[in-house]
1. Mind giving me the FRET efficiency for S63 and S26? R0 is 30 Å, r the Cβ-Cβ distance, nearest 0.05 is fine.
2. Per residue of segment 66-76, what does 6.51 cos²θ - 1.76 cosθ + 1.60 with θ = phi - 60° give for ³J(HN,Hα)? Whole Hz please, x for Gly and Pro, Karplus curve as stated.
3. Explain nothing, just the number: dipole magnitude of the chain about its Cα centre with +1 on each Lys and Arg Cβ and -1 on each Asp and Glu Cβ, in debye rounded to the nearest 20.
4. Starting from the Kirkwood Rh over alpha-carbon pairs, what translational D in µm² s⁻¹ does segment 81-124 have by Stokes-Einstein at 20 °C and 1.002 mPa s?
5. What list of ³J(HN,Hα) values in whole Hz, one per residue of segment 40-46 in order, does the Karplus curve 6.51 cos²θ - 1.76 cosθ + 1.60 (θ = phi - 60°) give from phi, with Gly and Pro shown as x?
6. Could you compute how much accessible surface C22 exposes when probed at 1.4 Å, giving the result in Å² to the nearest 10?
7. Out of F47, A33, V5, whose Cα points farthest toward the positive end of the dipole of segment 1-63 (charges: +1 Lys, Arg; -1 Asp, Glu; placed on Cβ)?
8. Quick one: which residues, 5+ away or cross-chain, put their amide H under 5 Å from the amide H of L86? H built at 1.01 Å from N.
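The values are calculated or read from the model by the stated rules, or taken from the named source; none is laboratory data. All figures in this text were calculated on a predicted structure; none of them were measured in a lab. All Cβ positions, glycine included, derive from the backbone under ideal geometry; neighbour counts span all protein chains shown. The accessibility values were calculated without ligands, DNA or RNA, using every heavy atom of the protein model including side chains. Shrake-Rupley method; radii C 1.70, N 1.55, O 1.52, S 1.80 Å.
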Amino acid sequence: QVQLVESGGGSVQAGGSLRLSCAASSRTFGGYAMGWFRQAPGKERDFVAAILWNSGNTNYADSVKGRFTISRDNAKNTVYLQMNSLEPEDTAVYYCAANYLNYIGSRGGFYAYWGQGTQVTVSS
């Protein structure tokens with residue numbers, strides 16, 4: 001069982017930056033991938049970004065390309081989401097997720113493990 005713990009959320013003004021972290025409790029094995037999703041009030045959960053652990057291949061939602069960067073630290077079993085040029089529309093609860101399917105797509109059903117979420121609020 002993999003436990004994921006997010007940190008780094010908070011409040012920031014538009015144009016600002018935040019970095020989210022997600023630490024995994026278990027050692028990462030082959031086929032491991034981690035991603036970030038977000039859910040704004042009254043809206044469905046949306047895919048943000050994902051990364052393959054071994055190769056570092058990444059995938060991003062169009063809405064965050066060029067502003068957000070996903071990365072990982074193998075030694076710390078931790079994935080990061082660097083968020084720059086934040087907009088009020090980025091306000092949401094951000095969730096970390098993981099799978100052992102080599103999957104970095106946008107369908108949440110393929111991610112078996114989820115964190116509790118961290119709030120990001122961007123004010124105009």
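1. With R0 = 30 Å, the Cβ-Cβ based efficiency is 0.45.
2. Going residue by residue, I get x, 10, 10, 9, 9, 8, 9, 10, 4, 5, 9 Hz, with x marking Gly and Pro.
3. 280
4. 177
5. Ordered by residue, 3J(HN,Hα) equals 8, x, x, 10, 6, 6, 10 Hz.
6. Here the residue's solvent-accessible area equals roughly 0 Å².
7. Of the options given, the answer is V5.
8. G15, G16
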